[in-house]
Amino acid sequence: MVWCPDWSVTAALLERADTDEPVGVEAPAVVLANNRVVVCNAAARAEGVRRGQRRRDAQARCPELVLLAANPDRDARWFEPVLSAVEEVRPGVAPLRPGLLAVPAPGRYFARAGAGVDGEEAAAAVLAEHLVRAGVWDSRFGAADDLYTAERAARSAPEQGCVAIPPGSSADFLRGLPVTVLADDGPEGAELAGVLRRLGLRLLGDFARLRAGEVSNRFGGYGTEVWRRVQGDEVTRLASRTPPPELACEIAFEPPLDSAEAVTFSVRTTAERFVAGLADRQLVATGVRVEAEFEEGVSARTWLHPRCFTSRDLVDRVHWQLQAGMATSGLRSRKSTGEDITSPVTLVRFLPDTVEPAGDHADGLWGGGADDQVVRGVARVQAMVGYDAVQVPVLQGGRGAADRQALVPWGERPVGLRPVERPWPGRIPGPAPSRVFAHPPPAEVVDEAAVPVGVTVRGLVTGEPWRFRVAVTPRALPWMPIASWAGPWPVDEGWWLVAGAAGAGAAGVAGAAPARAARFQVVGVDGRAWLLRWSALGPDARGSWEVEAAYD
């Protein structure tokens, strides 16, 4: 068994190593879920941080604590290099969960090469060396007759060390362990360990002396399973995985190319080979990582596609990356004026990031539909005008109509958006408006006596809206009588900006967000519906109106 302690923290730190804010492996770090610590590394535990603590309690014990978000997909993705590193030494790897894997013990082979050292320890030393090359410094190894005992042995091993249980001694090893080790099995194990301690059973051997009927009646299925393991009745079932096929394709340039157009033209055949390799396995790629190596740097980016990548799409992504990605690496791309790249390109590599069955993206029986034609047309426009020039709106969480919109480049999956399912107090009800103004025009709203209407601090309307007009230049539009209206939906946000700008003078207040706002749905006598917004900078301010959106 190969165990990588605190794997969620390790995976998050490995991911951050590829960003502009890398964190050393020796830094105290925790993974949080629902503002509670779910995983912490050894440096954090040395400062008093423990699993289950609240975020503020953990930060109180260690102010320099690095906070990381829980992400099971990230843990599994970064565990793949660990599996590959172990497979280089011993095929037949069986991943149990991110951070823990099983492999048939290679001790018989390494017993000869160990020069007097036990074969399992020699094999563990070789595996630890391979894992260090993969960026994993803390790995522990255990060898036994069954998986459960091997895992317990690995958890008791020192860093990059191995604990090998002699054949036939698994039950004796388990009986000498304290019952607190069951807490590593999750909530069931922690509950059983607590019950056993309250009963005065300190070791698993004490638990093993109970009769089978007593264990089954008192501790249920999980307790019976643990009892059978301590008795030495564990049956090992190792489901080895099949190594994934090598789908990446690359092309090296010798001599290196100093022209973006030359690189784009040269990768065309490699892109076709990459797509054909996926097609041979009835697969298509919806996410591809493109890596371009220069003599003075590397540019790497993962590109996404709303449908699936073709060879032409990949060539376009290489061209865009040479224009945009090299700037982030301190390099300069070749422009349309004929300038050369300052650092020649030595290699371009395509790696599949997300693959899906080809049948899910196949054309219909009678050819592609209108949606496919739109996708191809937009892709052609994007290839002509640039990657960031074609954007599509997506829905995100927010209170106002404009707040619920976000623009992302076409083909890119939206990330970092505000969640839609949150309550969002003060959000306008449906249906959503059909047109949201990028620059809301000012408006005026008065009551029957021509007195401007506003909203008090408690969210009450000062008068019934009777007429409104849009105040556009050079002159305002005619007044429109209001047939019906709904609201207000008050929102009290941005008050901290106003409070911070109170001592900065008028210029500071002008750049602050409104502290109070309210939205109204208004229908004129002409049948047109509008979304109006009233806002004020302070509790005593008069306030102003604007037309935020329109309904059809």
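Some points to look at:
- For region 91-144, residues that are at pLDDT 85 or above, more than 15 Å from Glu80 (Cα to Cα), outside any loop (DSSP other than H, G, I, E, B) and not hydrophobic (A, V, I, L, M, F, W, C) total 3.
- Flag: Leu417 does not match the condition of being modelled with pLDDT of 85 or more and hydrophobic (A, V, I, L, M, F, W, C).
- Considered as a group, the residues in region 157-181 that are of a type in the set (Gly, Ala, Ser) and in contact with a Phe, Trp or Tyr (Cβ under 9 Å, 6 or more places away or on another chain) include one that is surrounded by the fewest Cβ atoms within 10 Å (Cβ to Cβ), and that residue is Gly161.
- Residue within region 271-285 that is of a type in the set (Asp, Glu) and free of Cβ contacts under 8 Å to residues at least 60 places away in the same chain present: yes
- Any hit, region 190-206, residues being at pLDDT 85 or above, in contact with a Cys (Cβ under 6 Å, 6 or more places away or on another chain) and surrounded by 18 or more Cβ atoms within 10 Å (Cβ to Cβ): no
- Checked against the criteria, Arg54 counts as among the basic types (Lys, Arg), free of Cβ contacts under 8 Å to residues at least 40 places away in the same chain, in contact with a strand residue (DSSP E or B) (Cβ under 7 Å, 6 or more places away or on another chain) and exposed (fewer than 15 other Cβ atoms within 10 Å of the Cβ).
- Residue within region 399-406 that is among the polar types (S, T, N, Q) and in contact with a Phe, Trp or Tyr (Cβ under 7 Å, 6 or more places away or on another chain) present: no
- Meets criteria (buried (at least 19 other Cβ atoms within 10 Å of the Cβ) and either of a type outside the set (Gly, Ala, Ser) or not in a strand (DSSP E or B) (or both)) for Ala27: no
- Scoring Pro429 on the criteria (1) surrounded by 10 or more Cβ atoms within 10 Å (Cβ to Cβ); (2) in a loop (DSSP other than H, G, I, E, B); (3) on the phi < 0 side of the Ramachandran plot leaves a single failure, condition (1).
- Close pairs (6 angstrom Cβ cut-off, 6 or more residues apart or separate chains): farther than 20 Å from Ala518 by Cα in region 400-429, assigned to a loop (DSSP other than H, G, I, E, B) and of a type in the set (Asp, Glu) anywhere: Pro409/Asp388
Conditions (1) in contact with a strand residue (DSSP E or B) (Cβ under 9 Å, 6 or more places away or on another chain); (2) at pLDDT below 80; (3) surrounded by fewer than 17 Cβ atoms within 10 Å (Cβ to Cβ), marked per residue:
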site: Arg376; (1), (2), (3): no, yes, yes
site: Val385; (1), (2), (3): no, yes, yes
site: Leu407; (1), (2), (3): yes, no, yes
site: Pro425; (1), (2), (3): yes, yes, yes
site: Ala449; (1), (2), (3): no, no, yes
site: Thr462; (1), (2), (3): yes, no, yes
site: Pro465; (1), (2), (3): yes, no, no
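- Residue within region 238-255 that is crowded, with 16+ Cβ neighbours inside 10 Å, modelled with pLDDT of 85 or more and under 11 Å from Val345 (Cα atoms) present: yes
- Figure legend. Inter-residue proximity from region 351-367: first residues in a loop (DSSP other than H, G, I, E, B) and of a type outside the set (S, T, N, Q), second residues at pLDDT 70 or above and loosely packed, with under 10 Cβ neighbours inside 10 Å, beta-carbon distance below 6 Å, spacing 6+ or different chains. No pairs are indicated.
- As for region 70-78, it holds at least one residue that is crowded, with 20+ Cβ neighbours inside 10 Å, under 30 Å from Ala105 (Cα atoms) and outside the structural domain of Ala190 (by TED's automatic domain parsing).
The values are calculated or read from the model by the stated rules, or taken from the named source; none is laboratory data. This one's a predicted model, so the numbers in the text were calculated from it and none came from an experiment. Backbone-built Cβ (ideal geometry, glycine too); neighbour counts: all protein chains shown.
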